[in-house]
Every structure is written in structure tokens, then in C-alpha cells.
Amino acid sequence: MGAASNALALGAAPPGPVSNANAAPALPPLTVLDKARVVIHNYCSVFGENPVGTNPEITAALMGQNPKHINFVTPESGLRVNDKGEMVDAWGTPFFFHQLSGKEMEIRSAGEDRKMWTFDDLVTR
């Protein structure tokens, strides 16, 4: 395992994180992934099920396009959304959301190489 991988495993901030209109602070990759997990969990706690659809549809639901108009992706959450309305990881790559059940979702970050389904992907449920 190289120095970069060790740094990521320890939650160090990535080199050159993406910035956007949300102006969220740069956070370590594992923290960003965990924050995405938390907002999905919070949504499920309020509505009894996870948001569904594509990344932009899920992001829209998390940002207030839901029956109660609750915005779970606040500036304080540290999460960022790109200009396509997609929630992105620490490197600016859109998350992949995989619905496992009505109340369980896998969230995948493409990792530092920005390619999905490779050895450096970060995954949480």
C-alpha cells in the first residue's frame, strides 16, 4: 500500500479537492462518504424509506424536493453537488447509489483514480 493509500485510509484530505457553488470545505474522502451515508439515513428516518432514482433524483430529494421540503444537504453537511445536480465525492466524481432495499442503500465513491469499480473505491451502507 502506497503513501497515498495510507493517507486515504487514515482519512487525510485528498489532493486538489473539487470546489463548486456550495463552497463546502474540503473534507477527507472517508468523511465525505460517511456524511453522504448520514444524510441518506436521516432521510430514511423522516420518510420511512430511502430516496430512489438516479444520483440527480436522489440529490434533489435530499435537497428539499420531497414531501416535507426538508433540505438534508446543507452547507454545514460538507457535501457538494456539481453543476449537473449530482452529489459528488471528495474528488468531484458523482457517487453511485445502489438501492439494496427500501431502507438500505450502498453508496460508492470512485476513489482517487475517479474510475468506478476499481481497487480504490470507497463503499458504505
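Among all the lysines, which ones have a C-alpha under 23 Å from LYS115's C-alpha, if same-chain residues fewer than 8 places away are not counted?
The qualifying lysines are LYS35, LYS84.
Using 0.36 nm per residue, how much length does the chain from SER101 to THR118 gain when fully extended, once their Cα-Cα distance is taken away?
3.7 nm
List the aspartates and glutamates whose Cα lies under 15 Å from the Cα of LYS68, skipping any in the same chain that are fewer than 8 positions away.
GLU49
Relative to a virtual label point 7 Å from the Cα of HIS41 in the Cα→beta-carbon direction, which members of segment 95-121 show backbone nitrogen distances below 16 Å?
103-108, by backbone N distance to the label point.
We did not get these values from a lab; they are worked out from the coordinates using the rules stated. From a predicted model like this one, the values you see are computed outputs, not experimental measurements. Positions of Cβ are generated from backbone atoms using ideal geometry, with glycine treated the same way; all protein chains shown enter the neighbour counts.
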